[in-house]
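A quick write-up on the structure given underneath.
The values are calculated or read from the model by the stated rules, or taken from the named source; none is laboratory data. Since the structure is predicted, the reported quantities are computational estimates derived from the model, not experimental observations. Every residue, glycine among them, receives a Cβ derived from its backbone with ideal geometry; neighbour counts consider all protein chains shown. The protein model used for the area step is the full one, side chains on, heavy atoms only, and it has no ligands, DNA or RNA in it. Shrake-Rupley method; radii C 1.70, N 1.55, O 1.52, S 1.80 Å.
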Amino acid sequence: SRNSSSVRKNVDERPVKKLRPKKPMIAGANDSVLSVVQMLASKRGDAALLVSPNGELSGIITDTDVTRRLVVKGLDASSTSVSKVMTSNPTMVSMDDSAMDALATMVENHFRHLPVVDGKGAVVGLLDIAKCLNDAISKLEKAEEKNSNVAEDAVKQMASLQGAGNTQAVMLTQLLGPLMSQAFGGKASPTLRSLLSGRPSTIVSSDMSLKDTASLMAAAKKSALVVDEGKLIGIFGFKDMMTRAVAKQMSLEFTSVRTVMTPNPESVSPDMTVIEALQVMHDNKFLTLPVCDGEKVLGVVDVMDLIYGCGGINGWRSIFDSAMEVGDDGSETASVYSAGSKSRRSRNSSSV
C-alpha cells in the first residue's frame, strides 16, 4: 500500500542518489488544488510533494489524482484543498537507500513517482520511473559507443531473466533501438498486441465533454484516444487534463476534448515489440503510445505497461544494474543532489 510513512533503511552500494532524483516541486498541504496545478503547469511538472507547516511530507498529488479525485467527483479546484485529493503519507525512500529496492517498490506497487527524503526526513527529491528508464537507456547508449561488452552483458542478463536459454535461439532486431541488436536464446520480446488483449478502451469522440472523458480515463487508468469516423485524430492524457483544462479553469462539462487534445499523435503497430516501443518512447520523450492496426485503433500503452511486458523489475533489473555500473563519467549533469549539491538541475527534469 502507498499509505506507509516508513522510510526504508536498506543500504546498498548503489544508493537512490545514483538514480539522480528530480528536484521536487513542493506545495503546502493546505493550498488549493488550483494553485498547485497552476504551479505544476507553469513548471511542466506532473506531481507535487505536499508538506505540512513544519516542513514534513504530508502527501503527494499527481496529474492522475487530479482527474480521478477532483474532475470525476465534480469538485471545484479553486475551493478544494489539495489535502482532500492527495495521497496521504506516501511511501518514501532516502538518498542512501538501495536504488534497486526503490525501483522494485515503484514497479510492484504501480507507483510512477516516489518521494525522496534526507536523513532528517526533509524532502529533497522525487523519483520518476519514466525518467529512471530514460536515464538508464541513455547511459547504456553512451556506454555502447565506448564498450559494446556492457550492452551485450545487459542483453544476456535480460534474456536469462525472461526465461531464455531454452531450445531455440531467437534473433531480436532493434533491441533497445541503436543500443543493441543482438541474438539470444529463448523467446522474443512480447508484442504490444499481447499487452492490449482484454484491456478496457478509452476511445472517445471529439465532441465528448472533458467530464465524461475523465470518467473513462479514471476507470481505465489510461489516456483517452480521440477517434472520429474510425480514425485516430488526437490523444488526451492526465497531464493534459491538469494543465490544459483544470489549471485554466475551463468548464469541464461544456468543453469538448477536441479543444484541448494533442492532434494527430504518432501511433505504432501492434506487432511492434515491447523493447522497440520503449525505444520509441525514449527517443521521443513520449509517456504513452497509441496502438493502431492500420486505421483500426486498438488501444494505448504507457511506460508501466512496457515494464511489466518485460517481466517487471526482474526483467528490467539488468538494464538498471548495467546503467549504474557505467557510473558517472563526469560528462553528465548531476540531477539535484547526486554529488551533494543543491544547485544542479537535471537536464530532463521537465521532459518526462
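Can you list the residues, at least 5 places off or on another chain, whose amide H is less than 5 Å from the amide H of ASP97, using H built in the peptide plane?
VAL16
Quick one: accessible area per residue over the range 1-140, 1.4 Å probe, rounded to a whole number of Å²?
Per-residue accessible area for the range 1-140 comes out at 39 Å².
As I understand it, the dipole of the range 211-305 uses +1 on the Cβ of Lys and Arg and -1 on the Cβ of Asp and Glu, about the Cα centre. Which of PRO265, ILE275, MET241 lies farthest toward its positive end?
Checking the options against the dipole of the range 211-305, the answer is MET241.
With a 1.4 Å probe and all protein chains left in place, how much accessible area per residue does the range 234-278 have, in Å²? Each step should come with its number before you reach the end.
Values: 1990 Å² over 45 residues.
Accessible area per residue, the range 234-278: 44 Å².
Using +1 on the beta carbon of Lys and Arg, -1 on that of Asp and Glu, and nothing else charged, what's the dipole of the range 29-91 about the Cα centre, debye to 20? Working shown, then result.
Details: 6 positive and 6 negative charges, 27 e Å.
About 120 debye.
Enumerate the amide H contacts of GLY59 below 5 Å, restricted to partners 5 or more residues apart or on another chain; note that Pro and chain-start residues carry no placed amide H.
LEU50, ASN89
Based on alpha-carbon centroids, what's the gap between the range 55-111 and the range 229-261 in Å, whole number please?
Computed from Cα coordinates, the inter-centre distance equals 23 Å.
Tabulate in residue order the Karplus-calculated ³J(HN,Hα) for the range 121-131, using 6.51 cos²θ - 1.76 cosθ + 1.60 with θ = phi - 60°, rounded to whole Hz; enter x for Gly and Pro.
x, 7, 5, 10, x, 9, 7, 10, 4, 5, 5
Kindly report, to the nearest 10 Å², the accessible surface of SER267 as traced by a 1.4 Å probe over protein heavy atoms only.
Roughly 50 Å² of SER267 is accessible to a 1.4 Å probe.
With charges set only on the Cβ (+1 for Lys and Arg, -1 for Asp and Glu), what does the dipole of the range 1-124 come to about its Cα centre, in debye to the nearest 20?
That gives the range 1-124 a dipole magnitude of about 220 debye.
Taking 0.36 nm per residue of separation and subtracting the Cα-Cα distance, what length does fully extending GLU295 through SER78 add? All intermediate terms of the calculation are to be shown ahead of the outcome.
Details: separation 217, 0.36 × 217 = 78.12 nm, distance 4.09 nm.
Answer, rounded to one decimal: 74.0 nm.
Can you give the accessible area of ARG14 in Å² (nearest 10), computed on protein heavy atoms with a 1.4 Å probe?
We get 50 Å² for ARG14.
Once a ≥ b ≥ c are taken as the square roots of the eigenvalues of the Cα gyration tensor of the range 43-101, is the result rounded (a/c under 1.5), prolate (a/b larger than b/c) or oblate (a/b not larger than b/c)? Working shown, then result.
Numbers: a/c = 2.47, a/b = 1.78, b/c = 1.39.
In terms of gyration-tensor shape, prolate.
Heavy atoms only, probe 1.4 Å: what % of the accessible area of the range 57-125 goes to carbon and sulfur, would you let me know?
Carbon and sulfur: 43 percent of the exposed surface of the range 57-125.
Would you pull out the residues with amide H under 5 Å of VAL291's amide H, same chain only if 5 or more places away, H placed 1.01 Å from N?
For VAL291, the qualifying residues are VAL268, LEU298, GLY299, VAL300, VAL301.
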